[in-house]
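Novice: Pasting a structure here, questions to come.
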Amino acid sequence: MRRRSFLAAAGAAGAAALIGPWVRRSQAAAFGAFPGGTAAVQLPDGVRARRVLEVFLYGGLSCWETLYFVRGYGAPDDPLSPGSQYAAVAAATAAALARGGAAERERPFAVDALGASVELGPFAARLWQRSDVVARMRLIVQRHALLPHEAAVPQALTGRPIGQPGAAGLGAHIQRARLDAGLTPDRASPHAYVFAAGGVSSDNVAAAAALGDHPGAARPLLIQTDRAATTQLLDRGVLGGDRAGHDALVAAYADQYAARLTWPGRGRVRSRAADDAAGAFATQRRADAIHGVLRDDLLVPASATACGRTAIDYPQVGLAAARALLTHPTEPASYVCVVDSGLVGPVGASGYDTHVHNAADTATNFDHLLAGLLAIVNAPGEADPGKLSLDDTLIILNTEFGRTPLAQPGSDGRNHHPGGYVTAFIGGPITAAERGVWGAIGPDGLATQFAAPGENRIAALLALGIWPFAPEGYNISDVPRAAGEVRAAEQVMACFLGRTA
């Protein structure tokens, strides 16, 4: 990451008060504020989440061995689809379990919309070590029609198909809402972060930090964890010892440009680019304060071993940074997205993009992810302020699609499958009363009742107490069959949060 690229991203984290009148709006019109007549769909204090940790399982998680195992589907005597779903690569799955010293056993979780008993598969067995987490987990069946990563990834992260200029990542919506609320006008650090290793440009993973129609101040800080110089750039060492002189010179140029945009006696014309540049410069001057939150030690990678396989543990770098930022004592983040491309996998590809070795790679990567994730969540009776609490934190396990119920011909891998896959909401407004499965995937591997990616994004905002329906946010058309904004919110809350107005 070059210094100029970092400052362009970091600058977007400047406070709204620093970037001109374009972003200053009345409290009634602030992004995320609930309009009149919407009280029925506002989660009360103590129920709504205060922060979100999103783990994006980049590549497409196979749900058959992890979060959606229906015993009997795909079995040799299944009259509809024998040898599919879990059974499609059963031999390789058994071998992966043997290498890990585990065994497949029944782990019923909930009943889906078709009345089938859904179990957590053997590669998610680590979840059962934390019954407190399982008790606050809700699985949602999703479906769409996009097969390539390049199209499905941004849709999963923004809720909008690729190519829409207004598509924004969840972090931009959340940061904008926090800025417009005006509760921390002197804050230097971002409210939202994205941590990713590799693939940021090739498969549009950078959509996690997409700005859409929000002003530049709303952009989350995107950090590539496999490029360790990020925090060093905050030292601004390239300026030598004359940082004050440099800042004074840039300020003079900025003032000159602002004067050229100003009509005498009539004020300055609107210029989003100029406002964004002013915000970037203001944040650059406060780099020391940002560095105080984003410490050097947060981004130090180390090797890890899982299932007998060793690699640089970039997922853990992201999780460790998320833990520190979300629990920061004075400037906690409201949103952190960790893009998990797996501990191991094919060269140049994500570990969840299992066109080959579906069982071996999914077993290693998902189990490793769960181990790191559960380690930063307080267990019952634990009250570590440096760990996440499910009482105020919503954890989202998201992915761009699933894997085919049948193996790829001549392979022990699976292809892309947007026709039926699973995401998870854990904690926050999800309690034991909301635990369960919404939707269903049939014996043929296709979802019969399902939600769309846009609804996933809307649900996360509602869980935080942020109204999602705005010109910069979402439309009622993003919620199929909804008639009006309130009804759309009700549908999404019932599906993802298990709550009815």
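Novice: For the stretch 147-167, give me each residue that is of a type in the set (A, V, I, L, M), in a loop (DSSP other than H, G, I, E, B) and either touching a Lys or Arg at 6+ places or on another chain (Cβ under 9 Å) or in contact (Cβ under 8 Å) with a residue 60 or more places away in the chain (or both).
Specialist: The answer is L147, A167.
Novice: From A274, A302, grab the single residue that is free of Cβ contacts under 8 Å to residues at least 24 places away in the same chain, farther than 20 Å from L233 by Cβ and of a type outside the set (D, E).
Specialist: Residue meeting the stated conditions: A302.
Novice: Something else about it: Y257 passes all but one of (1) farther than 30 Å from R50 by Cβ; (2) in a loop (DSSP other than H, G, I, E, B); which number fails?
Specialist: Unmet condition: (2).
Novice: Among the numbered conditions (1) closer than 30 Å to A94 by Cβ; (2) open to solvent by less than 40 Å² (accessible area, probe 1.4 Å); (3) free of Cβ contacts under 8 Å to residues at least 24 places away in the same chain, tell me where A363 comes up short.
Specialist: A363 satisfies all of (1) closer than 30 Å to A94 by Cβ; (2) open to solvent by less than 40 Å² (accessible area, probe 1.4 Å); (3) free of Cβ contacts under 8 Å to residues at least 24 places away in the same chain except (3).
Novice: Also, quick follow-up: Would you please name the residue that is surrounded by the fewest Cβ atoms within 10 Å (Cβ to Cβ), looking only at residues in the stretch 66-91 that are assigned to a helix (DSSP H, G or I) and modelled with pLDDT of 90 or more?
Specialist: That would be A87.
Novice: For the stretch 373-401, which positions are over 16 Å from the mean Cα position of the chain (by Cα) and assigned to a helix (DSSP H, G or I)?
Specialist: Result: L374, A375.
Novice: Exactly one condition in (1) open to solvent by 10 Å² or more (accessible area, probe 1.4 Å); (2) at pLDDT 95 or above; (3) aromatic (F, W, Y); (4) not in a loop (DSSP other than H, G, I, E, B) is false for F34; which is it?
Specialist: The number of the failed condition is (4).
Novice: Take the residues of the stretch 465-482 that are of a type in the set (G, A, S) and closer than 21 Å to W438 by Cα: which is most open to solvent (accessible area, probe 1.4 Å)?
Specialist: S477
Novice: While we're here: Looking at the stretch 428-440, can you tell me whether even one residue there is over 30 Å from L80 (Cβ atoms), open to solvent by 40 Å² or more (accessible area, probe 1.4 Å) and of a type in the set (V, I, T)?
Specialist: Yes, the stretch 428-440 contains a residue that is over 30 Å from L80 (Cβ atoms), open to solvent by 40 Å² or more (accessible area, probe 1.4 Å) and of a type in the set (V, I, T).
Novice: Turning to a different aspect of this structure: Output the residue which, of all residues in the stretch 190-210 that are touching a Pro at 6+ places or on another chain (Cβ under 9 Å) and either in a loop (DSSP other than H, G, I, E, B) or surrounded by fewer than 24 Cβ atoms within 10 Å (Cβ to Cβ) (or both), is modelled with the highest pLDDT.
Specialist: Per the stated criteria, the residue is H191.
Novice: Can I ask one more? Got at least one residue in the stretch 102-109 being modelled with pLDDT of 95 or more and within 25 Å of D392 (Cβ to Cβ)?
Specialist: Yes - at least one qualifying residue is present in the stretch 102-109.
Novice: Show the residue pairs meeting these rules: Cβ distance below 6 Å; 6+ apart or different chains; first residue within the stretch 33-48 and over 17 Å from A177 (Cα atoms); second residue open to solvent by 70 Å² or more (accessible area, probe 1.4 Å) and at pLDDT below 95.
Specialist: Qualifying pairs under 6 Å: A40/A501; V41/A501.
Novice: Give the stretch 245-271 a look and list any residue that's out of contact with any helix residue (DSSP H, G or I) (no Cβ under 8 Å at 6 or more places or on another chain) and either in contact (Cβ under 8 Å) with a residue 12 or more places away in the chain or surrounded by 15 or more Cβ atoms within 10 Å (Cβ to Cβ) (or both), or say none.
Specialist: R270, S271 - these are the residues of the stretch 245-271 that are out of contact with any helix residue (DSSP H, G or I) (no Cβ under 8 Å at 6 or more places or on another chain) and either in contact (Cβ under 8 Å) with a residue 12 or more places away in the chain or surrounded by 15 or more Cβ atoms within 10 Å (Cβ to Cβ) (or both).
Novice: So A349 fits all but one of (1) under 18 Å from the mean Cα position of the chain (by Cα); (2) more than 18 Å from G159 (Cβ to Cβ); (3) open to solvent by 10 Å² or more (accessible area, probe 1.4 Å); what number is the exception?
Specialist: Condition not satisfied by A349: (1).
Novice: If the Cβ limit is 6 Å and pairs must be 6+ apart or interchain, which residue in the stretch 125-140 that is under 11 Å from I426 (Cβ atoms) and touching a residue at least 24 places away in the same chain (Cβ under 8 Å) pairs with which residue that is open to solvent by 20 Å² or more (accessible area, probe 1.4 Å) and in a strand (DSSP E or B)?
Specialist: From the stretch 125-140, the pairs are L139/V437.
Novice: What about R187, is it open to solvent by 60 Å² or more (accessible area, probe 1.4 Å) and at negative phi?
Specialist: In short, no.
Novice: While we're looking at this one, here's another question. What are the residues in the stretch 441-451 that are surrounded by 21 or more Cβ atoms within 10 Å (Cβ to Cβ) and either aromatic (F, W, Y) or in a strand (DSSP E or B) (or both), if any?
Specialist: Within the stretch 441-451, I441, A447, F450, A451 meet the criteria.
The values are calculated or read from the model by the stated rules, or taken from the named source; none is laboratory data. From a predicted model like this one, the values you see are computed outputs, not experimental measurements. So basically every Cβ, Gly included, is an ideal-geometry build from the backbone, and we count neighbours across all protein chains shown. We work out accessible area using only protein heavy atoms, side chains counted, and drop any ligands, DNA or RNA first. Shrake-Rupley method; radii C 1.70, N 1.55, O 1.52, S 1.80 Å.
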